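Beneath this line is the structure, given in structure tokens, with notes to follow.
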Amino acid sequence: MNILLTGGAGFIGSHTLIELYKAGHTAFVIDNLYNSDREALRRAAQIIGIDEVPFMKADIRDRKALNEVFDHHHFDACIHFAGLKAVGESVAKPLEYYENNMNGTFVLLDVMRKHGCKNIIFSSSATVYGDPAVIPITEDCPKGHCTNPYGQTKSMLEQVMIDLQKADGEWNVVLLRYFNPIGAHPSGRIGENPNGIPNNLMPYITQVAIGRRERLNVFGNDYPTPDGTGVRDYIHVVDLATAHVAALQAIIRHQGLAIYNIGTGHGYSVLDVVNTFMRVNKVDIPYVIMPRRAGDIATCYCDPQKAARELGWTAQYGLEEMCRDSWNWQRQNPNGYQS
Ligand code: NAD
Ligand code: UD1
């Protein structure tokens, strides 16, 4: 299949690009490079073994640019990664987040429809469950209250696509609710490249390990979890990438609407991650216990059996490989793609 990847130069998109080619597909990337670097696409092309990745630097809100791409290429499906994703920033800049994520998706869906491409895989998030009523979380769990504009955009965009598919049965909509993606390509050539101070746990740990930050702040050790720190379902980004390849089957089967949790089904605490990182990589991670972070929940991990049953997909990598590959990337690229 030939797949349009919006936001394909980003962390998850660049890894998915590689797995798509590995599985015999081709892809075209559209990205405004707001939160990514063209170098990621150069390196992805090297890993894949092609001269260059078909790419257009454009904003998905730019209808003219999108029309141009669709006029010149046939796409069997779109995997829609493009969006702003920093939770804290979304609280400070709600209008920018709503505008980019909502409007970008509206323009994309409309242009897709006009060009007869009605197959989409959307990057959603476990954040749509809010503080989950039941653990492990299944896809039937009711969606919860999102505490920030970023989460609201994911929840609302899911609803937009559900309604669109209901109104027009020609659409196939696959909503992938990612849990906590970490790790990097095992080559260490591509990985996560956050701007400024990382919000998420693993990039913060790797920056402590490389000496860019003094110590990790552990947000709370009084949660009702085995060691008191927050528990999450960390998933290797390469496993997340192959989940997108597997999700194409739901489109091939004309499933209409399909929703999948994409995680490992295992919950690890902050200290599990820190201790595993230190053991596997033989580096020290100094840390200090701080108060809880506003908006955090105690425990979040999924039941990934629906994806296993219907897509034949299960995560292959464990926490050790996630820690090894995160460090391998950071060590080879101390300043990300600027190195
Ligand atoms: P990322 O920031 O690395 O990638 C997103 C890409 O989209 C970037 O390259 C950015 O430049 C591009 N982009 C943003 N707005 C755009 C626009 N208007 N037009 C064109 N390009 C635009 O993020 P990621 O971690 O790869 O996440 C990909 C998707 O998965 C996002 O939608 C994110 O919300 C979602 N998601 C991520 C996580 C996570 O922990 N990384 C978890 C759940 C869901
Ligand atoms: C966050 C987002 C969520 C998003 C997800 C994946 C919030 C409230 N939620 O989830 O919307 O989908 O990232 O991108 O931000 N931690 C520390 N110290 C740190 C960083 C994190 O102790 O410096 C802890 C957190 O308290 C949490 C765990 O590590 O218990 C994981 O945090 P993080 O990586 O930010 O992911 P989430 O909070 O699960």
Here's a check for you: in segment 153-170, which residue that is open to solvent by 60 Å² or more (accessible area, probe 1.4 Å) and outside any loop (DSSP other than H, G, I, E, B) is farthest from residue 303 (Cα to Cα)?
167
Checked segment 18-32 for anything small (Gly, Ala, Ser) and either open to solvent by less than 20 Å² (accessible area, probe 1.4 Å) or without any contact (Cβ under 8 Å) to a residue 40 or more places away in the chain (or both); matches are 24, 27
For residue 181, the lone unmet condition from (1) within 24 Å of residue 238 (Cα to Cα); (2) more than 13 Å from ligand 2 (Cβ to nearest atom) is (2)
Is it the case, given these coordinates, that residue 85 is more than 17 Å from the chain's Cα centre (by Cα) and either open to solvent by 10 Å² or more (accessible area, probe 1.4 Å) or in contact (Cβ under 8 Å) with a residue 24 or more places away in the chain (or both)?
no
Among the numbered criteria (1) in a loop (DSSP other than H, G, I, E, B); (2) of a type outside the set (Asp, Glu); (3) in contact (Cβ under 8 Å) with a residue 12 or more places away in the chain; (4) out of contact with any Leu (no Cβ under 7 Å at 6 or more places or on another chain), which single criterion is violated by residue 229?
(4)
Given the criterion part of a strand (DSSP E or B), of a type outside the set (Val, Ile, Thr) and either touching a helix residue (DSSP H, G or I) at 6+ places or on another chain (Cβ under 9 Å) or more than 16 Å from ligand 1 (Cβ to nearest atom) (or both), identify the matching residue among 181, 132.
181
Can you tell me which residues in segment 110-128 are within 19 Å of residue 29 (Cα to Cα), open to solvent by 10 Å² or more (accessible area, probe 1.4 Å) and assigned to a helix (DSSP H, G or I)?
110, 113
Kindly evaluate residue 263 against the criterion of being within 30 Å of residue 120 (Cβ to Cβ), open to solvent by less than 50 Å² (accessible area, probe 1.4 Å), over 19 Å from the mean Cα position of the chain (by Cα) and not acidic (Asp, Glu).
no
I'd like the full set of residues that are more than 15 Å from ligand 2 (Cβ to nearest atom) and touching a residue at least 12 places away in the same chain (Cβ under 8 Å), limited to segment 72-82.
73, 74, 75, 76, 77, 78, 79, 80, 82
Please find, within segment 129-152, the residue that is most open to solvent (accessible area, probe 1.4 Å) out of those that are in contact with a strand residue (DSSP E or B) (Cβ under 8 Å, 6 or more places away or on another chain), within 13 Å of ligand 2 (Cβ to nearest atom) and not aromatic (Phe, Trp, Tyr).
132
So for segment 80-88 (the condition being modelled with pLDDT under 95 and more than 10 Å from ligand 1 (Cβ to nearest atom)), does at least one residue qualify?
yes
Could you check, for segment 265-287, whether at least one of its residues is at pLDDT 95 or above and in contact with a His (Cβ under 8 Å, 6 or more places away or on another chain)?
no
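The values are calculated or read from the model by the stated rules, or taken from the named source; none is laboratory data. Everything numeric here is computed off the predicted structure, so don't read it as measured data. Note that each Cβ is placed from the backbone with ideal geometry, even for glycine, and that neighbours are counted across all protein chains shown. For the accessible areas, the whole protein counts, side chains as well, though only heavy atoms, and no ligand, DNA or RNA atoms are used. Shrake-Rupley method; radii C 1.70, N 1.55, O 1.52, S 1.80 Å.
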